[in-house]
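Inspection log for the structure reproduced underneath, given as C-alpha cells.
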Amino acid sequence: MNFSDPEILNLFGAEAAEDETPEKLKSFFFKSDAYESIRSDLPLRVLVGNKGSGKSALLSMSHYRDNEKKVMSLRIQPNDVHNALRVELPIIQRIEELKIGIAKLVFEKSINRLVFRV
C-alpha cells in the first residue's frame, strides 16, 4: 500500500499541535491530570516542559475550551513580545517590556471582543 503525505497527515495528524486543526486535535487529545491542572482557575499559566512533551497541545486544548465557554483566552508567542526577548537590555527593562507587551495584547483582544461581539 502506498500512502501519500495528505493520507498520512489525515491518519496520524500533524507533527506539532500548533500545526493541527482544532477538530483533529480534539479528536485524539487525552485529558490528563496535566490538562486538568492547566484548566485550574488561575489568572495566568506558565507551562514548562521538554520539547515534544505536549505543551502546545495542552495550551491549545485549553485555549479552544476557553473560546467555547466565551472566556477570553490569549495565546502569546515569542514574536508577540519580541522587545522583551532582546538580550542586550537589562533584565529589569526586559521584564517591563514583557509586562507592557502582554498588557497591550490583552487590551487589543478585549477591544476586539467588544467591538466584534454581535
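If the Cβ limit is 8 Å and pairs must be 6+ apart or interchain, which residue in the range 92-116 that is outside the structural domain of D66 (by TED's automatic domain parsing) and in contact (Cβ under 8 Å) with a residue 12 or more places away in the chain pairs with which residue that is acidic (D, E) and part of a helix (DSSP H, G or I)? Cβ pairs passing all conditions: G101/D80; L105/D80.
Filtering the range 54-99 to residues that are surrounded by 13 or more Cβ atoms within 10 Å (Cβ to Cβ), under 20 Å from D41 (Cβ atoms) and among the acidic types (D, E) leaves only D66.
In the range 69-111, which residues are among the small types (G, A, S), modelled with pLDDT of 80 or more and touching a helix residue (DSSP H, G or I) at 6+ places or on another chain (Cβ under 9 Å)? S73, G101 - these are the residues of the range 69-111 that are among the small types (G, A, S), modelled with pLDDT of 80 or more and touching a helix residue (DSSP H, G or I) at 6+ places or on another chain (Cβ under 9 Å). Taken residue by residue, the range 65-81 has no member that is in contact with a Pro (Cβ under 8 Å, 6 or more places away or on another chain) and without any contact (Cβ under 8 Å) to a residue 12 or more places away in the chain. Within the range 88-112, the set of residues being over 18 Å from the mean Cα position of the chain (by Cα) and either of a type in the set (A, V, I, L, M, F, W, C) or closer than 13 Å to M72 by Cβ (or both) comprises L89, I91, I92, I95, I100, I111, N112.
Scanning the range 100-115 for residues that are exposed (fewer than 12 other Cβ atoms within 10 Å of the Cβ) and of a type outside the set (V, I, T) yields A103, F107, E108, N112, R113, L114.
The values are calculated or read from the model by the stated rules, or taken from the named source; none is laboratory data. What you see is a predicted model; the values in this text were computed from it and never measured. Positions of Cβ are backbone-derived with ideal geometry, glycine not excepted, and every protein chain shown enters the neighbour counts.
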